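I have placed the structure first, in the form of structure tokens, so that the comments after it can refer back to it.
The values are calculated or read from the model by the stated rules, or taken from the named source; none is laboratory data. Predicted model only: the values in this text are computed from it and were never measured. Here the Cβ positions follow ideal geometry from the backbone for every residue, glycine too, while neighbour counts run over all protein chains shown.
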Amino acid sequence: MSILEFSRGPMLHFALLVFVFGVLWRLVAVLMLGFRKRYSEERNSNDKALMVGGATCGLRSWPHKEFIGRTAFGEAVGYGYHIGLFTIVLLGGPHVIFWQNLFGFSAPWWPTLPGGLITVVSVLTVILMLIATIRRYMHRPLRQISNFDDYFTLAILYAIMISGLWAVLGGPGRYEYILAAHIISFNLLLIWFPFGKLMHAFYIFPARFVNGYLHAKKGAAT
Amino acid sequence: MSTTATQAFAGAGAANDNRTAEERVEGAMGAFARSFGATVAWNMESCIHCGMCADACHFYIATGDAKYTPIWKAEMFKRAFRRESGAFAPFFKVLGLKKKVTLKDLEEWQELLFDSCNMCGRCSLICPMGLEVAELIEIGRRGMYEAGLAPKELADRAALQAETGVPEEVEKPYAELLKEIGEKHGVDVVLDKAKADIMVCAPRNDLNRNPSSVAAMVKVLNKLGADYTFRSDAIVAENYGYYAGSNGLQKKIAKRVVDQAKKIGASLVLVPECGHAYYSLRWQAAELMGETLPFKVRHVTEYLAEQVEAGKLKLNKVDGLPTAFHDPCQIVRKGGVTEAPRTLMSELGVNLKEMFNHEGFSFCCAGGGGMNDIERTRPLRLKAQEVKLHEVDDTGAKRFLTSCSDCRVAFDDAGEHFNWDKKTESLVELVADNIKE
């Protein structure tokens, strides 16, 4: 079995298993703690609180005007590279084929972007990631609260991005090995996903919803 | 982090604390874990370490010191959660990715949890993940209390209040003070009526420092012909158990108010101009009791605004002096009483000049969360207050109003220190002085 076959065969399957069961367990472990019954007289109805909770899921993506002056740069960089990553993963031709093969379906309607454009997006994404990394080190509160999880997650993302670009741009080395490196780094991301901060992909909307919902019950600011 | 701050804490009952360091840490973590539900765990799990909460915190903004980053203040408990009770606790423990929390760690964190946080909740509004950071701090304080690491100033007051209903050594009982205030200001104070529709409380700070505010509230209630009474056994509604982080004492203190209200058959407990009293009674008492309370809890500005809207309270228009209003965090941002003070100011014809950060986004007075009571916090408090005073000045206001006695204490102190040209006034007093006859 070649390294490439290993990376997209047994290792990928193992990584997917860890990812699926790990994510499920981490979500279930939180939900098992249960939601407390609340006794205080509510200011707003449950329906209104549900609406506000739902709205908070989306609205929290845009900073309140009171904060934007201090947070705009960090948010632009953060959202910027997230948008880049999603664009590459969901609209890059080879990736679309990969998803279709992995899940065993054909979706001719699934749009893709031209390879050249994806390469440009990838380079921009890496630049934004670099800015985010430098900022994590230079910005005092960020540096203070950063830990292994932050740097390890970034390291895996860099490995994926750089090996991907290397493969596309035809860098030195055998293509098969470079592609294997790309897939192995992706597998590592899947394996690390449930253990670290990458879980925010699953927590973000429930967390925002709960915040908006509970604040709305009190009539408090959201 | 300085050791001076650590030494300044005597801890709750530390003199009699014969527990080992291990037992005290376990006590802290036990209290922390007991406060857990899915929503708190979500808060623990979801942080992406973006550091944005620092940009909401007045202590970070004023000093630029990264240790004041709000989520960092909860770091010890976040770490303990991931290591001891999170979904992959054994993984983090075995690989040593999360170090065990020690008593020394907790001692170092005292300063961050008590001396540099007002639990004002502004950080909860900036978090892109929607984390309730202030709640994590509150739960962290509970852990610290159980480890015997709450500041003595708060822990002693909480214990005294739970025992006697009064959070300070007094020369005269509060009931006597109330009677004297009534006599001095020419208002009839109703005290210890056996049955009444409304039970009213007074802020400790106003009883001692701003008695005219207490008289003002009484004057308005009398004018409205309200069926109310103060109760000698529960004159103040503020809750030092909330500040100190003691769930047990907080519950005992709240129960005293709740029991008195039940005893007189009150349908409403009226909380005076006191932010923490409002939040702890309005949003936490029922949760601590584990029951729906048989009465409503309203802040005095809410009650008065309802009377204005019902046409029962008519007010004269005041002068056109440009006026700024400070939104107390526990009443407005966390408590939801946003419109009521503005309804009153509108009825009074106040020429309101809103600050850039107002309503739910207002900067805290920096004295809340017990910081007014901890003298050593004053230098840091003043730095944060300077930011706020400049913001008030930027509005061009000549008058400065608020609806919380604790905020007034904080602003009065800062005003004196900075030779500020404004005095912080009570909104309820302005209402009382302008009732249309």
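Tell me yes or no: at least one residue of the stretch B:301-314 is touching a Cys at 6+ places or on another chain (Cβ under 9 Å) and crowded, with 24+ Cβ neighbours inside 10 Å.
Scanning the stretch B:301-314, I find no residue that is touching a Cys at 6+ places or on another chain (Cβ under 9 Å) and crowded, with 24+ Cβ neighbours inside 10 Å, so the answer is no.
Just checking, does the stretch A:18-38 include any residue being over 29 Å from A:Pro114 (Cβ atoms), in contact (Cβ under 8 Å) with a residue 12 or more places away in the chain and over 20 Å from the mean Cα position of the chain (by Cα)?
Checking the stretch A:18-38: at least one residue is over 29 Å from A:Pro114 (Cβ atoms), in contact (Cβ under 8 Å) with a residue 12 or more places away in the chain and over 20 Å from the mean Cα position of the chain (by Cα).
Can you name the residue in the stretch B:58-70 that is touching a residue at least 24 places away in the same chain (Cβ under 8 Å) and of a type in the set (A, V, I, L, M, F, W, C) and is also nearest to the other protein chains (Cβ to nearest Cβ) among such residues?
Step by step, filter the stretch B:58-70, then rank; the result is B:Ile61.
Can you pull out every residue in the stretch A:74-127 that is touching a helix residue (DSSP H, G or I) at 6+ places or on another chain (Cβ under 9 Å) and among the hydroxyl-bearing types (Ser, Thr, Tyr)?
Within the stretch A:74-127, A:Tyr81, A:Thr87, A:Ser106, A:Thr112, A:Thr119, A:Ser122, A:Thr125 qualify.
I want to confirm something. Restricting to the stretch A:172-203 and keeping residues that are in a helix (DSSP H, G or I) and free of Cβ contacts under 8 Å to residues at least 12 places away in the same chain, which single residue is farthest from the other protein chains (Cβ to nearest Cβ)?
Taking the candidates together, the pick is A:Tyr175.
I'd like to check something: does the stretch B:89-96 contain any residue that is surrounded by 22 or more Cβ atoms within 10 Å (Cβ to Cβ) and at the interface with chain A (Cβ under 9 Å from one of its Cβ atoms)?
The answer is no; no qualifying residue exists.
Filter the stretch B:332-346 down to the residues that are of a type in the set (A, V, I, L, M, F, W, C) and under 11 Å from B:Ala305 (Cα atoms), then identify the one that is nearest to the other protein chains (Cβ to nearest Cβ).
Ranking the candidates gives B:Val337 first.
Can you find a residue in the stretch A:134-152 that is over 21 Å from B:Ala54 (Cβ atoms), touching a residue at least 24 places away in the same chain (Cβ under 8 Å) and not polar (S, T, N, Q)?
yes
Which one is farthest from A:Met129 (Cα to Cα), of the residues in the stretch A:148-171 that are within 14 Å of another protein chain (Cβ to nearest Cβ) and either hydrophobic (A, V, I, L, M, F, W, C) or surrounded by fewer than 17 Cβ atoms within 10 Å (Cβ to Cβ) (or both)?
Among those residues, the one meeting the criterion is A:Phe148.
Residue-by-condition table, conditions (1) touching a residue at least 60 places away in the same chain (Cβ under 8 Å); (2) more than 28 Å from B:Asp433 (Cα to Cα):
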{"position": "B:Ala147", "(1), (2)": "yes, yes"}
{"position": "B:Asp156", "(1), (2)": "no, yes"}
{"position": "B:Gly165", "(1), (2)": "yes, yes"}
{"position": "B:Lys179", "(1), (2)": "no, no"}
{"position": "B:Gly182", "(1), (2)": "no, no"}
{"position": "B:Gly186", "(1), (2)": "no, no"}
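Which residues, counting only those in the stretch B:416-437, are in contact (Cβ under 8 Å) with a residue 40 or more places away in the chain and not in a helix (DSSP H, G or I)?
If the condition is that a residue be in contact (Cβ under 8 Å) with a residue 40 or more places away in the chain and not in a helix (DSSP H, G or I), then B:Thr424, B:Ser426, B:Asn434, B:Ile435, B:Lys436 are the ones that fit.
Return the residue satisfying two criteria in turn: it lies in the stretch B:71-84 and is within 9 Å of chain A (Cβ to nearest Cβ) and touching a residue at least 40 places away in the same chain (Cβ under 8 Å), and of such residues it is surrounded by the most Cβ atoms within 10 Å (Cβ to Cβ).
This residue is B:Ile71.
Table: residues versus (1) within 14 Å of chain A (Cβ to nearest Cβ); (2) within 18 Å of B:Ile374 (Cα to Cα).
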residue	(1), (2)
B:Leu113	no, yes
B:Met119	yes, yes
B:Cys123	yes, no
B:Met129	yes, no
B:Arg141	no, yes
B:Leu149	no, yes
B:Ala158	no, yes
B:Gly165	no, no
B:Glu171	no, no
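For the stretch B:304-326, which residues satisfy the criterion of being touching an Asp or Glu at 6+ places or on another chain (Cβ under 7 Å), without any contact (Cβ under 8 Å) to a residue 60 or more places away in the chain and not in a helix (DSSP H, G or I)?
Residues satisfying the conditions do not exist here.
Testing B:Ala366 on (1) free of Cβ contacts under 8 Å to residues at least 24 places away in the same chain; (2) crowded, with 22+ Cβ neighbours inside 10 Å; (3) more than 14 Å from chain A (Cβ to nearest Cβ), one condition comes back false. Which one is that?
If we test B:Ala366 against (1) free of Cβ contacts under 8 Å to residues at least 24 places away in the same chain; (2) crowded, with 22+ Cβ neighbours inside 10 Å; (3) more than 14 Å from chain A (Cβ to nearest Cβ), just (1) comes out false.
Confirm whether B:Asp55 is assigned to a helix (DSSP H, G or I), within 7 Å of chain A (Cβ to nearest Cβ) and of a type outside the set (A, V, I, L, M).
In short, yes.
Conditions tested, residue by residue: (1) at pLDDT 95 or above; (2) hydrophobic (A, V, I, L, M, F, W, C); (3) closer than 30 Å to B:Glu26 by Cα.
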| site | (1), (2), (3) |
| --- | --- |
| B:Gly148 | no, no, yes |
| B:Ala159 | yes, yes, yes |
| B:His185 | yes, no, no |
| B:Ala196 | yes, yes, no |
| B:Val200 | yes, yes, no |
| B:Asp206 | no, no, no |
| B:Ser212 | yes, no, no |
| B:Val218 | yes, yes, no |
| B:Phe230 | yes, yes, no |
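Looking at the stretch A:14-52, which of the residues that are in a helix (DSSP H, G or I) and of a type in the set (D, E, K, R) is nearest to the other protein chains (Cβ to nearest Cβ)?
A:Arg26
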